[in-house]
Structures are given as C-alpha cells and as structure tokens.
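Take a look at the structure below.
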Amino acid sequence: MFALIPCVITAQAHADECKGVVTQDIPDNSYDGKSGTVIEQLHEYEGKPDGTPLTYAVHGGGVYPADHIRILNCTIHKISTDPYYELKLNNTSENADDIIMQKAEAQLLQMGMDNADASNAAYAYAKSPNTACGKMAARAINGDQSAASLILSGGICP
C-alpha cells in the first residue's frame with residue numbers, strides 16, 4: 001500500500017482513459033465502427049457551445065460521432081471554451097489508479113518536470129510505490145523539491 005494525497009481520490013481527473021461503446025454502426029468505419037465495439041482512450045474533440053459533444057477522438061487520428069458512442073466510465077462536463085465539453089473519469093474504484101496517476105502527474109508537472117518524467121514518476125507512484133521511483137515520486141508530490149530534482153536528473157524513473 002502507498003500513501004495518497006487526500007485530494008487525489010476525491011477529485012475527478014481529466015480523461016484520456018475514457019471508454020465508450022459503439023451504439024450503432026459507424027458508416028465507413030469497418031475497423032472499430034461496429035455496434036457493440038468498445039473504444040478505449042477516448043477524449044474530447046468537437047462540441048457545441050451548449051456543451052453537447054459532436055465527436056470524440058483517440059490518439060492516432062480516430063474520430064467518432066458522439067451520437068454513435070455511449071461513454072462508459074466518464075462524465076461529460078460543459079466548459080466555456082472550445083470544444084465546450086470535457087470528459088472526466090468517474091470517481092470509482094475501477095478508475096482509482098488512473099485518477100491517482102493523473103493527479104500525481106499534474107502535481108509533478110507543476111513542479112517543473114517534463115511530460116515524460118512526470119508520467120513515469122506518476123505511474124510508479126500509483127502502480128509501483130515501493131520502487132525507488134515510486135518512493136521518490138511520493139516525496140516530490142509531498143513537496144520535496146530535491147526529490148523532484150533527483151527524478152529530473154535521470155536514472156531513477158526510466
């Protein structure tokens with residue numbers, strides 16, 4: 001077990017881990033556009049100013065019409081800037097590790113880490129807390145700038 005920052009579990013995280021199921025066949029998409037297919041790593045793409053999603057996307061270029069997808073593990077929240085909605089992971093035990101990692105990564109980025117180091121350290125913090133990287137990440141997250149510097153120096157969080 002590892003020590004958690006109190007706000008980590010209670011707050012929703014922005015999602016890139018959202019899953020959705022295709023509810024009706026998507027024309028011209030024979031790869032993963034069949035009804036019943038689960039699509040992972042969905043994120044925001046296009047929406048209306050009222051917060052209604054028009055499309056979701058996945059990294060690598062896949063774009064899906066929102067009216068053909070039912071989101072499974074995230075909630076849609078209206079925002080005031082384009083794309084006018086955001087997806088947040090539901091605060092469930094199934095999403096706990098992803099929420100922990102995203103919150104930890106956000107804190108490490110605020111400490112000046114680059115994306116790669118912050119991501120590796122956050123992963124270790126959530127998934128391998130007893131490793132050198134996991135322990136150093138916990139120290140950094142708890143405000144130890146020297147731990148953050150050690151992570152940045154390389155070798156601790158490959």
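The values are calculated or read from the model by the stated rules, or taken from the named source; none is laboratory data. Model, not experiment: these values are computed from the prediction. Ideal geometry is used to build each Cβ from the backbone, glycine not excepted, and the neighbour counts take in all protein chains shown. Note: accessible area is taken over every heavy atom of the protein model, side chains too, but ligands, DNA and RNA are not part of it. Shrake-Rupley method; radii C 1.70, N 1.55, O 1.52, S 1.80 Å.
Each residue, Asp50 and Gln24, gets one label point 7 Å from its Cα in the Cβ direction; the gap between the two is 1.8 nm.
The candidates Lys48, Lys19, arranged from most to least accessible area with a 1.4 Å probe in the full protein assembly, appear as Lys48, Lys19.
The order of Arg139, Arg70 by accessible area, most exposed first and with a 1.4 Å probe, is Arg70, Arg139.
Compute the accessible area per residue over segment 22-147, keeping the other protein chains in place, probe 1.4 Å, unit Å².
53 Å²
When only the heavy atoms of the protein chains count and the probe is 1.4 Å, how do Thr37, Thr55 rank by accessible area, highest first?
Numbers: Thr37 40, Thr55 20 Å².
The most accessible residue leads, giving Thr37, Thr55.
The heavy atoms of Ser80 present about 110 square angstrom of accessible area, all protein chains included, probe 1.4 Å. Once both labels are positioned 7 Å from their Cα atoms along Cα-to-Cβ, the gap between Asn115 and His59 label points is 0.7 nm.
Pairs Lys19/Lys135; Lys34/Lys127; Lys48/Lys88; Lys34/Lys88; Lys19/Lys103; Lys48/Lys103: which are spaced more than 22 Å apart, C-alpha to C-alpha?
Working: Lys19/Lys135 30 Å; Lys34/Lys127 33 Å; Lys48/Lys88 18 Å; Lys34/Lys88 25 Å; Lys19/Lys103 19 Å; Lys48/Lys103 28 Å.
Checking Cα-Cα distances, Lys19/Lys135; Lys34/Lys127; Lys34/Lys88; Lys48/Lys103 exceed 22 Å.
Modelled spin-label separation between His77 and Asp144, with each label point placed 7 Å from Cα along the Cα-to-Cβ direction: 3.1 nm. The charge dipole of the chain, taken about its Cα centre with unit charges on the Cβ atoms of Lys, Arg (+1), Asp and Glu (-1) only, comes to about 500 debye. Among the protein heavy atoms, those of Val21 account for about 20 Å² of accessible surface (1.4 Å probe, every chain in place).
Computed on the chain, with alpha-carbon pairs under 8 angstrom and 6+ residues apart, the relative contact order is 20 percent.
In the chain, taking the dipole from charged Cβ atoms about the Cα centre, the farthest positive-side position among Ala138, Gly154, Leu109 is held by Ala138. Between the amide H of Leu54 and those of Glu46, Gly47, Lys48, distances stay under 5 Å, these residues lying 5 or more places away or on another chain, with hydrogens modeled in the peptide plane.
If R0 is 41 Å, what FRET efficiency do you get for Thr92 and Asn130 from their C-beta distance, rounded to 0.05?
Details: r = 25 Å, r/R0 = 0.61.
It comes to 0.95.
Of the DSSP H helices in the chain, not one has a Cα length along its own long axis of 27 Å or more together with a mean Kyte-Doolittle hydropathy reaching -1.0.
In whole percent, what relative contact order does segment 22-101 give with Cα contacts below 8 Å and a gap of six or more residues? Spell out each step's value before the answer.
Numbers: 136 pairs, mean separation 20.0, N = 80.
RCO, segment 22-101: 25 percent.
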